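Only one structure is covered here, and it is reproduced in the block below.
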Amino acid sequence: MYNIHIQRSRKEEHRIVTARRARIYDALALLVAILVIAFDQWTKAQVVENLGPPEIGPTIPLIGDYLVLHYIRNSGAAFGLFANNIALVGLIGVAIAVVSYLYLRMLNSGTLSYKLVFGMIIGGALGNLIDRVRHSGYVVDFIFFRIPQIGFRFALFNVADASISVGVFLLLVIILLGGLRRPAVAPGSEEGPGSSTTDAQAAPPANNSGTIRSTE
């Protein structure tokens with residue numbers, strides 16, 4: 001009875017420590033989301049104030065002609081996808097539902113890296129959602145990547161879009177690395193709970209003196 005009581009106490013202590021660690025991870029993920037939202041909204045405010053009017057305002061080079069700042073209003077999803085499209089509403093709803101479901105699944109078991117990545121994704125999504133509420137459906141985009149020599153022009157985006165994209169990429173990397181780190185079982189090997197029993201049955205019988213009895 002004493003040993004059972006000790007085991008139960010240790011399990012309860014482990015559960016409490018795990019729950020506390022999970023709450024700390026949740027707090028850090030929330031901090032990441034808040035930082036992403038704050039930086040996203042601050043950069044958008046600076047762009048609206050200094051690079052307006054949209055579409056025809058000034059273009060400020062950051063890295064030559066390759067990375068520039070140019071203010072536009074985007075009524076579509078990230079990178080201008082589904083502009084003025086009714087499918088955008090359903091896409092946003094599905095994305096929010098999937099992210100919420102995945103986070104709730106790992107609420108008490110997710111690692112710090114998982115939760116920080118989700119903080120980036122959620123922060124970016126909320127940053128753009130705030131924009132849509134404030135501006136009646138559009139978001140402020142201003143980061144423009146292009147390669148003039150070959151005529152390549154990437155869709156304009158913002159800090160929130162970048163946070164979502166980087167977060168999704170890191171999530172895929174974490175999932176991939178987690179799968180690669182799992183130990184592989186060699187083909188034809190039979191390891192498991194029954195392997196020791198099989199080995200024991202295959203061992204030759206022994207007499208009371210400890211020597212193997214000859215069958216000849």
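What follows draws every value from the coordinates through simple rules; no lab data is involved. This one's a predicted model, so the numbers in the text were calculated from it and none came from an experiment. Here the Cβ is made from the backbone with ideal geometry for all residues, glycine too, and neighbour counts use every protein chain on show.
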TODO: Working only within the stretch 140-161, note down all residues that are exposed (fewer than 11 other Cβ atoms within 10 Å of the Cβ) and not in a strand (DSSP E or B).
DONE: Pro148, Gln149, Ile150, Gly151
TODO: State which residue is surrounded by the fewest Cβ atoms within 10 Å (Cβ to Cβ) when the search covers only the stretch 8-39 and only residues that are of a type in the set (Ser, Thr, Tyr) and touching a residue at least 12 places away in the same chain (Cβ under 8 Å).
DONE: Thr18
TODO: Sort out which residues of the stretch 94-135 are out of contact with any Ser or Thr (no Cβ under 7 Å at 6 or more places or on another chain), in contact (Cβ under 8 Å) with a residue 40 or more places away in the chain and among the polar types (S, T, N, Q), and write them in order of number.
DONE: Ser109, Thr111, Ser113, Asn128
- [ ] Filter the stretch 94-122 for residues that are outside any helix (DSSP H, G or I) and of a type in the set (A, V, I, L, M, F, W, C) and give the result.
- [x] Met106, Leu107
